[in-house]
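These notes concern the structure reproduced below.
All of the numbers you see were taken from the coordinates with simple rules; none came from a lab. Model, not experiment: these values are computed from the prediction. Ideal geometry is used to build each Cβ from the backbone, glycine not excepted, and the neighbour counts take in all protein chains shown.
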Amino acid sequence: MPPFLAFANLIRLFNQTGTLLLLFPTLWSLFLASEGWPGLKLLWVFIFGSFLMRSAGVIMNDLADRSFDREVQRTRHRPLASGQLTPSQGLALLAVLLGLAAILLCLLNPLTLLLSPVALLLAGIYPFCKRFIHIPQLVLGLAFGWGGIMAWAAVRNELDLSAWILFAATVCWAMAYDTIYAIQDRDDDQRIGVKSTAILFGSHTWLGVGIASLIMLACLSLVAKRNHLGIEYSLTLMGVAGLLGYQVLLLRSEISGEKAFSLFKQHVWIGVLILGGIWMGLP
């Protein structure tokens, strides 16, 4: 395989679902904190930053998990697990991505800069959590939600309750969609000793996803009340609730890995709906 293609596969260049799921909570915060369209500079910083940090995150994950990935049917062909790239090559690309992200941070205010090490810390510890705790999806949610905290700080130069409520909504959202994602590898993960909420919840996965989704919807409703969002937001939130409810009903029966991945990808549209609702519902 050509080196460029191996590096592209390492950062999942041809599958940007993860980047979008990281990006949308930052956009929710940017639009809400700005009470409308944020400045173009902030938009481009957080769009490009989400791409860089998600790419860096998957490299950290693959470096930590390369021995596990060789034992899982879905992941054994990843560049580091299969030997297409060496760990040193992975670390070199990781350094480049983090360096570019650091340059972007220099364009933001001091508060956002102070908050940034938490994002790197969460991204770094997440790959190891699946070895020790049964809810690594919670740590992933914290990592993905922190982008929204930084986005709010970049606009307002402060953090208020709405920022933290959006953060809580994002954590619950990530727990829901990543539990669904983990269904793909549940059998292999049990065999090799990797932990996940899909294993923890077992036949009650539908209930775990449902509770996380309900808390997410409650947080998003509270955000609407605090920020006086209009009926447009309420209508889009009803659409989100309908889609999440449909997924929970499907999860009450055993589903294939392919179906789980399809449900996971639907969460991109949930992010779109919420962003559209915020934009249209702003007073």
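Descriptive notes on the structure:
- The set of residues in segment 147-171 being among the β-branched types (Val, Ile, Thr) and either on the phi > 0 side of the Ramachandran plot or in contact (Cβ under 8 Å) with a residue 60 or more places away in the chain (or both) consists of 149, 155, 165, 170.
- Search result, residues across segment 31-63 that are surrounded by fewer than 18 Cβ atoms within 10 Å (Cβ to Cβ) and closer than 14 Å to residue 87 by Cβ: 63
- Single match in 66, 70, 78 (criterion: buried (at least 21 other Cβ atoms within 10 Å of the Cβ) and either under 21 Å from residue 185 (Cβ atoms) or of a type in the set (Asp, Glu) (or both)): 78
- Some residue of segment 113-132 being in contact (Cβ under 8 Å) with a residue 40 or more places away in the chain, of a type in the set (D, E, K, R), out of contact with any His (no Cβ under 9 Å at 6 or more places or on another chain) and surrounded by fewer than 20 Cβ atoms within 10 Å (Cβ to Cβ): yes
- Boolean, residue 5 is surrounded by fewer than 14 Cβ atoms within 10 Å (Cβ to Cβ), free of Cβ contacts under 8 Å to residues at least 60 places away in the same chain, outside any loop (DSSP other than H, G, I, E, B) and not charged (D, E, K, R): yes
- When residues of segment 41-78 are limited to those that are farther than 14 Å from residue 21 by Cα and small (Gly, Ala, Ser), the one nearest to the chain's Cα centre (by Cα): 56
- Every residue from segment 92-115 that is more than 22 Å from the chain's Cα centre (by Cα) and either closer than 15 Å to residue 11 by Cβ or among the basic types (Lys, Arg) (or both): 92
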